[in-house]
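Right, I'll just put the structure down here and ask away after.
The values are calculated or read from the model by the stated rules, or taken from the named source; none is laboratory data. Since this is a predicted model, take the numbers as computed values, not measurements. Ligands, DNA and RNA are stripped out before the accessible areas are found, and what is left, the full protein with its side chains, is counted by its heavy atoms. Shrake-Rupley method; radii C 1.70, N 1.55, O 1.52, S 1.80 Å.
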Amino acid sequence: MTIVGAGPGAADLLTFRAARAIAEADVVVWAASLVREEVLEHAREDAEVLDSASMSLEDVIAVYERAAREGLKVARVHSGDPALWGGTQEQVDRCAELGVEVEIVPGVSSFSAVAAIAGRELTIPEVAQSVILTRLGGGKTPMPPGEEVREFARHGTTMAVFLSAARSGQLAVELLEGGYPTDTPVVIAHQATWPEELVLRCTVGTLEETVKEHRLWKHTLFLVGPALSASGTRSHLYHPGHFHGHRRARPEARRALRAAREVREVRGARGQAVEQSAGQAAGQSIGQAGREAAGRE
C-alpha cells in the first residue's frame, strides 16, 4: 500500500514517484474534497476509485485488508504532504498491525507552494532562520500544552499557520500577544494552486478584517513574519568570501566577511549587555520597593 502526497492542488505538482504509484494501483482512494480530479488521470482505466470524503478510518482500513487478501496495490492519495495533518500515522499503525507494508511518497506542502506563489523565501539571513508550522488551538483536534500560537509567536520568526481561518480573530490576538508588531507582514492563501486560488497580503493588525472581508474559513493558509518583506541581506553560501569543497574564497572578500561578522558579534554583545543591565535595574527596583513595603509594615 502506498500513501501518496498529491501536493496542494495543481495536478502538475505531483512528483514522478507519486504519479507512478497512482498509475500502478489497482485501487485508488483519494480525498475528492482536497485533491483535484486531474490527479486521477494517472490512474488506470480499470482501477477502482474510491472517494475517502465519505469514509471513516475503519472503512479505509477495510479496503486495505481486502486489497491485502486479494493481492491488490492501493494508492491512498492525500492532499499536500502526508507528514503534515494527513491522518497518516494512524493508517501506518493499523497497517503494521495487519502486516501490510506501507510506502509513503512525500508531496509538496501548501506552505512551500504559497511561499513560491508569493515569491518569498521564508528564511532570510539576519531576519529569520526558522519556520514554525502550526495551527490554532481550539479546533477539532486538541493542541498539546505549550503549543499555543502565542508561545510560538514569541520567537518572532516565520510562521505557517494551517487550519485557522474560521477563528481569525483569535489568531490575530495570539500573534499580537506573542509579540509580533501590528505591521508584521502576512500572506493569506486560499486554495493555493487551484483555479480558484486567492492570495492576499496584509499585516497582523489587519488579518482579521481581511479574512472576514473575503469570507475565508476553509482551505486557507497564513504565512506570518518579517521575512515576508525583508530585503538587503545575503547568505554566505554564495558570498565570494565563503569557501567550501567546490570553491575557494577570495582573500579580500574573506577579510570583509570576517570584519562584518565581528561587527555583528559586537552589536549582539552590546544588546545582551543592555538587556542584562535593564533586567538588573528592574530587579533592584523591585527589591527596593519590597524592602520599603516591609519597613512600612
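Amide H neighbours of Arg76 under 5 Å, at least 5 residues apart or on other chains, H built in the peptide plane: list them.
When sequence neighbours closer than 5 places are left aside, the close amide H contacts are Thr2, Ile3, Val4, Val29.
Quick one: Karplus J couplings for the stretch 48-55, per residue in order, coefficients 6.51, -1.76, 1.60, θ = phi - 60°, nearest Hz, x for Gly and Pro?
7, 10, 10, 8, 6, 4, 9, 10
Could you please tell me the mean projected area of the C-alpha convex hull for the stretch 98-231, averaged over all directions and given in square nanometres to one decimal?
Its Cα hull, projected and averaged over all orientations, spans 10.1 nm².
Using the Karplus equation 6.51 cos²θ - 1.76 cosθ + 1.60 (θ = phi - 60°), what ³J(HN,Hα) coupling, rounded to whole Hz, does each residue of the stretch 145-159 give in order, writing x for Gly and Pro?
Listing the rounded values in order: x, x, 9, 6, 4, 4, 6, 5, 4, 4, 6, x, 9, 6, 10 Hz.
With a 1.4 Å probe and all protein chains kept in place, how do Phe152, Phe16 rank by accessible area, largest first?
Order by accessible area, largest first: Phe16, Phe152.
I need the Debye-formula profile for the stretch 159-244: one equal scatterer per C-alpha, no solvent, reported as log10 I(q)/I(0) at q = 0.12, 0.17, 0.19, 0.23 1/Å, two decimals.
Those come out to -0.42, -0.68, -0.79, -1.06, one per q.
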